[in-house]
Amino acid sequence: MNTAATLERSPAKDETQSHFDVLIVGAGISGIGAAYHLTQQSPNKSFVVLDALEAFGGTWRTHQYPGIRSDSDLYTFGYRFKPWTSAPIASGAEILKYMGEVIDENGLDRHIRYRRKITKASWSSADNLWTIEARRTDSGETETYTANFLWMCQGYYRHDQGFTPEWDGMAEFKGRIVHPQTWPKDLDLTGKKVIVIGSGATAATLIPSIAGDCEHVTMLQRSPTYFIPGRNANDLADQLRELEIDEAWIHEIVRRRIIKDGDAFTKRATEQSEEVTKELLGAVKMFLGEDFDVETHFTPRYRPWRQRIAFVPNGDLFVGLKSGKASVVTGEIDRFVENGIKLKSGETLEADIVITATGFNMSILGDAEFVVDGAPVNFADTVNYRGMMFTGVPNMAWVFGYFRASWTLRADLLGDFVCRLLNHMDAKGARKVEVALRPEDHNMPLESWIDPENFNPNYLMRSMHLLPKRGDKPEWQHTQDYWREKDEFPAIDLDDAAFVYG
């Protein structure tokens, strides 16, 4: 596509308009995808994208720690409509470049307004209208917008505040404590003793990236996590490129292969968990060798896929451990001391710098205040329709992706659904739609949004009381099952009794 020509045809950005058919919150991977789908599937709709940051990208803009990269492949984390042509696991900079190309190639920039943080959204049934208040992060001024439909694509965690537990003695520590989410630009790790607290994808990314600079880096974990180490390449994609197949075809073929393999792996993780565990640990042992204590440091207490499994490209974390530039300690923290961290075992780990790769704080719909007809909305009192709409909250959709598959797979599915819903409303002459429990749903048990026996990362468990309820029917669950939803979503009957129009 000729990007220059596309931009030349696009009207200039107009920041005076304040009413839109659709208002999209967030210019990250979900919001940019939503904007694209609107232009393609509901081209008659006016829309705006508001984002609190100074530019697009969301996570990939705010996360600046060394080595920041995807923990899933870009053939599925990338959009279905935009071929990915590089290595499957991509750096943050590569992902930003990819998103920028989507914006340029489709003239989306004129729809995006940056430095606007949503603080309040109020729905009026009398007017069938949302009124949205946004604070300018550069001037502090408040702007007011109105929209017929609100599309929440703001992500699910607080960008400006990572989660760090409160340990005894933190004030006594003479070194520096840093959370990766708010990485300081002046942090110099050269020749320093560094402890990275955590065992997830962030720790696995950071440690090999900084090991060459530090005197030594220690991965301190309370309990182990599963990883999938392997080559940062896709053999099928490479073979197709040798045959000079069109990149759009390669993207679709490889994407389908990965999705199919992912489905099989997820099922095996549940049905043959012991066998899958052996395979995952066997791959780790290939890098670390039989003498390494994999049982202590890389054998989790839970079955595979009860928490997210990160891909480790080229096994770089394990290469660092094998070389001696990094080490891993599994144990519980007793307290911080002046020169490091004392464990409950009695051992003290010395450190000049402690990096708390301990996760994030969830942000429920951007932490904005929501009001419907003058009454505050508590989302924990609502029931969630297929993980995207809420009972009692009209004309709004929420993008929340997958835990066991790439986030963007669901963002694309929801893009199709929302556009189809908007077009259906136009065809019916409806100005309002909300989801409601049907007669057959009223006696169903209501449980926590996600079944903790199925998926239970700490960040989710800490925030479950803030999230909506689920029922015992597929319509009232976020099933986390792309392999079902890819067929179910296009077949949703928009005239089902769960949808109430007005």
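The values are calculated or read from the model by the stated rules, or taken from the named source; none is laboratory data. For clarity, every value in this text was computed on a predicted model and none was experimentally measured. Every residue, glycine among them, receives a Cβ derived from its backbone with ideal geometry; neighbour counts consider all protein chains shown. Ligands, DNA and RNA are stripped out before the accessible areas are found, and what is left, the full protein with its side chains, is counted by its heavy atoms. Shrake-Rupley method; radii C 1.70, N 1.55, O 1.52, S 1.80 Å.
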Which numbered condition trips up Gln154, out of (1) open to solvent by 50 Å² or more (accessible area, probe 1.4 Å); (2) of a type in the set (S, T, N, Q); (3) part of a loop (DSSP other than H, G, I, E, B)? (1)
Scanning region 449-491 residue by residue, the ones that are of a type in the set (Lys, Arg) and assigned to a helix (DSSP H, G or I) total 3
The number of residues in region 289-316 that are of a type in the set (Val, Ile, Thr) and either over 24 Å from Asn232 (Cα atoms) or not in a loop (DSSP other than H, G, I, E, B) (or both) is 3
Pairs under 7 Å by beta carbon, first residue at negative phi and among the small types (Gly, Ala, Ser) in region 395-411, partner assigned to a loop (DSSP other than H, G, I, E, B) and open to solvent by less than 10 Å² (accessible area, probe 1.4 Å), six or more apart or different chains? Ala397/Met388; Ala411/Val399; Ala411/Gly401
Condition check for Val393: over 21 Å from the mean Cα position of the chain (by Cα), in a loop (DSSP other than H, G, I, E, B) and at pLDDT 95 or above: yes
Contact list, first residue from region 296-314 and over 11 Å from Ile228 (Cα atoms), second anywhere and open to solvent by less than 10 Å² (accessible area, probe 1.4 Å) and part of a strand (DSSP E or B), beta-carbon distance below 8 Å, six or more apart or interchain, is His297/Gln221; Phe298/Phe227
Enumeration of residues in region 292-337 that are open to solvent by 60 Å² or more (accessible area, probe 1.4 Å) and in contact with a His (Cβ under 9 Å, 6 or more places away or on another chain): Lys325
Is at least one residue of region 250-260 in contact with a Phe, Trp or Tyr (Cβ under 9 Å, 6 or more places away or on another chain) and free of Cβ contacts under 8 Å to residues at least 12 places away in the same chain? yes
Out of the residues in region 183-200 that are of a type in the set (A, V, I, L, M) and in a loop (DSSP other than H, G, I, E, B), state the one that is surrounded by the fewest Cβ atoms within 10 Å (Cβ to Cβ). Leu187
Restricting attention to region 398-451, which residues are touching a Cys at 6+ places or on another chain (Cβ under 9 Å) and farther than 26 Å from Arg256 by Cα? none
May I ask you to list pairs of residues, at least six apart or on different chains, whose Cβ atoms are under 7 Å apart, with the first in region 213-237 being in a loop (DSSP other than H, G, I, E, B) and the second being acidic (Asp, Glu)? Arg222/Glu332
Positions within region 54-68 being within 19 Å of Tyr36 (Cβ to Cβ) and assigned to a loop (DSSP other than H, G, I, E, B), in sequence order: Ala55, Phe56, Gly57, Gly58
Which residues, taken from region 317-358, are part of a loop (DSSP other than H, G, I, E, B) and of a type in the set (Val, Ile, Thr)? Thr358
